[in-house]
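These notes concern the structure reproduced below.
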């Protein structure tokens, strides 16, 4: 089945006079989630594998992936294909791998970048939008000054910064993100906003944990700490 991925402290620093030319923004990647169920407690432990820095998730190979065949080959209880996705961040200031060993899924090389635990019902239902999930990972992402930052603000005022957008459910590119405020069906008290900071922003996983949410278009956001 192809369902959205079940994926911070905002720190200000002095912006360069001109943003660096190199950026991850718009770069394509894919993920494979491998799940092991614990029926006694009704949860699934998920390992997250990602193509970042290895390849851009070749379309033909990605389209050819067979979930049933991967489950049998890898002896896992669940396989979730998450992608293709496109970064809305500009750089990694830190991106520690959970496991640096490269694994191949249908000829697509990936490495383990995170882990999380969800309920069996969550996996079966594909994951409800706007539901916080905690991912174990060591990351610090940079968003350049002068570039748009896409954010959800929840009913408690917590800010969630978009890390990537998806075209799995809807035909989207970054230009289309400007219209999200008009098309998202947000929970009561939530809002979507776009801002262009005049200083670089850093988004950090705190103590090895990041809280992520997705909207109904499978765009993924990470919570910022106050």
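The values are calculated or read from the model by the stated rules, or taken from the named source; none is laboratory data. A quick note: this is a predicted structure, and the numbers were derived from the prediction, not measured. Reconstructed Cβ throughout: ideal geometry from the backbone, glycine too, with neighbour counts over all protein chains shown.
Overview of values
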{"item": "Neighbours by Cβ (under 9 Å, 6+ apart or cross-chain): first from region 28-52, at positive phi and modelled with pLDDT under 95; second surrounded by fewer than 19 Cβ atoms within 10 Å (Cβ to Cβ) and assigned to a strand (DSSP E or B)", "result": "42/119"}
{"item": "Single residue of region 127-144 satisfying the filter (within 23 Å of residue 157 (Cβ to Cβ) and either in contact with a helix residue (DSSP H, G or I) (Cβ under 9 Å, 6 or more places away or on another chain) or not in a strand (DSSP E or B) (or both)) that is modelled with the highest pLDDT", "result": "130"}
{"item": "Strands (runs of 3 or more DSSP E) enclosed by region 149-218 - at least 3 residues per element that are surrounded by 14 or more Cβ atoms within 10 Å (Cβ to Cβ) and on the phi < 0 side of the Ramachandran plot", "result": "149-153, 159-166, 200-204, 209-214"}
{"item": "Residues of region 70-116 classified as buried (at least 17 other Cβ atoms within 10 Å of the Cβ) and within 27 Å of residue 176 (Cα to Cα), total", "result": "12"}
{"item": "Single match in 6, 24, 81, 70 (criterion: over 20 Å from residue 140 (Cβ atoms), at pLDDT below 95 and outside any strand (DSSP E or B))", "result": "6"}
{"item": "Residue 61 being in a helix (DSSP H, G or I), modelled with pLDDT of 95 or more and surrounded by fewer than 17 Cβ atoms within 10 Å (Cβ to Cβ)", "result": "yes"}
{"item": "Matching residues in region 85-126 - criterion: being in contact with a helix residue (DSSP H, G or I) (Cβ under 8 Å, 6 or more places away or on another chain) and in a strand (DSSP E or B)", "result": "86, 105, 108"}
{"item": "Residue check, residue 155 more than 18 Å from residue 85 (Cα to Cα) and more than 15 Å from the chain's Cα centre (by Cα)", "result": "yes"}
{"item": "Qualifying residue in region 170-191 (condition: within 28 Å of residue 44 (Cα to Cα) and within 18 Å of the chain's Cα centre (by Cα))", "result": "yes"}
